[in-house]
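FYI, it's all coordinate maths here, none of it is from the lab. Because the structure is predicted, anything quoted here is derived from the model rather than measured. Using ideal geometry, Cβ is built from the backbone for each residue, glycine included, and neighbour counts are taken over all protein chains shown.
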Amino acid sequence: MAAMYGSKETTPLLRVKNLQTGFKIDGEYYNAVEGVSFDVRPKQIVGVVGESGCGKSVMSLSIMQLLPDGIGKIRGGEIEFEGQDISVFSDKQMNSIRGKDISMIFQEPMTSLNPVFTIGYQIEEVILNHENLTKKEARLRSVALLKQVGIPRAEQIVTEYPHQLSGGMRQRVMIAMAIACQPKLLIADEPTTALDVTVQAQILELMKGIQEANDMSIILITHDLGVVAEICDEVLVMYAGKIVERALVEDLFRGPKHPYTELLMKAIPKMDEDVEELATIEGLVPSVVNMPPVGCRFANRCPKAMPECLTVTPQLAEVAGRHEAACLLYEESWPTDGKREREGVAAL
Ligand code: SF4
């Protein structure tokens, strides 16, 4: 189980244990998330980083039980929220906590906001679903929420439609909806990716402010380590459905341990660099149907790969202090049977 990071609180708000989420392709399930375990403690901001196709969003949709019906399925593990395994909750049970105790915001607010209803109606719908308030009280709350997320002319905006707002303002509306019932956990999936850099910074600052004011925990899903550096306490790096590195943010930036994280760091835009010069990671994340059955899933793209990386599966283990990595460059990541195999390889 993961070591305790960040907060001194001992009881996690969310505990994900050995999560396996599969997708049905041609009648067969393939795991897009494979044995993921982590904790989120009260008031903690945990960043989950990795390229597209690494399983970050599937993991968050699993927590929310929003996997596409008949296609995506939790195939193993547990998702404990406040001590209860919500992975086995019925739709009715999930509806009672979704939007209330756990909320989610997505990358593109236009896909989450309904174009035919006013902003006010949509925020009030969330409030009235979970709280025993009159419509008038819900309207007052929605105006207050819009003010809290920094929307000017809130009394007017509640009567307007999503298309009348800019992308940044729509994302603020999504945040207002997500925090309408003061959730304990907010899952933000690429919340700033569709926004320009200045607006991105404003939205991150807003989320951090709300997190502090509401004592909320956040899981921030992103492909951008620069975003993680801005507001997270702890970071999980995912590759091909697995966690390959876990550390406090300052430790990760001081010295990444996994070669994949090192390459992600080189891809963070710097103020004084031309964006076109950014490093990219050659090759592609293996698709779920082509996952290597053994060995390191990053081996075909890793500049430090060794022959054993193709045959021995690295384990996530503490490689320095409270810093974990799954890479055979570290003795701690070698499974017991792998060590025996290594001796065999060395003898070749
Ligand atoms: Fe690279 Fe091998 Fe480490 Fe995988 S286990 S990241 S291939 S060195």
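Worth pointing out:
- Put a dot 7 Å past the Cα of C181, heading toward its Cβ, do the same for N214, and the two dots end up 1.2 nm apart.
- Calculated Rg and Dmax of the chain using C-alpha coordinates, Å: 21.2, 77
- Length gained when the stretch N132-T198 is fully extended (0.36 nm per residue, less Cα-Cα span): 19.9 nm
- Take every DSSP beta bridge whose two residues both sit in the chain; close to 60 percent of them are antiparallel.
- Dipole magnitude (debye, nearest 20) for the chain, charges at Cβ of Lys, Arg, Asp, Glu: 760 debye
- Point-charge dipole on Cβ atoms (K/R +1, D/E -1) for the stretch 1-100, about Cα centre, debye to 20: 320 debye
- Per-residue Cβ neighbour rank within 10 angstrom, fewest leading, M216, M64: M64, M216
- Top positive-direction residue, dipole computed over the chain with Cβ charges, set C309, P115, S142: S142
- Quotient of C-alpha Rg and 2.2 N^0.38 Å, computed over the stretch 115-205: 1.05
- At full extension, V289 and M306 could sit 3.7 nm farther apart than now, given 0.36 nm per residue minus the alpha carbon distance.
- Rotationally averaged projected area of the stretch 41-181 (alpha carbon convex hull; nm²): 10.0 nm²
- Burial order of peptide ranges 236-245, 218-227, 134-143, 316-325 (average beta-carbon count within 10 Å, highest first): 236-245, 218-227, 316-325, 134-143
- If you take all other residues with their beta carbon under 11 Å from the beta carbon of V36, and give Lys and Arg +1 and Asp and Glu -1, the sum is +3.
- Shape index of the stretch 1-120: Rg/Rh, with Rg the Cα radius of gyration and Rh the Kirkwood radius from the inverse mean 1/r over Cα pairs, equals 0.98.
- Each of L236, Q202, I187 was scored by the projection of its Cα onto the charge dipole of the stretch 180-252, and the greatest displacement toward the positive side belongs to I187; charges sit on the C-beta of Lys, Arg, Asp and Glu.
- Relative packing of 258-264, 204-210, which averages over residues the other C-beta atoms within 10 Å, highest first: 258-264, 204-210
- Cβ crowding within 10 Å ranks E124, E308, E131 as E131, E308, E124, fewest other Cβ atoms first.
- Computed over neighbours whose Cβ is under 13 Å from that of E262, the net charge equals +4, Lys and Arg +1, Asp and Glu -1.
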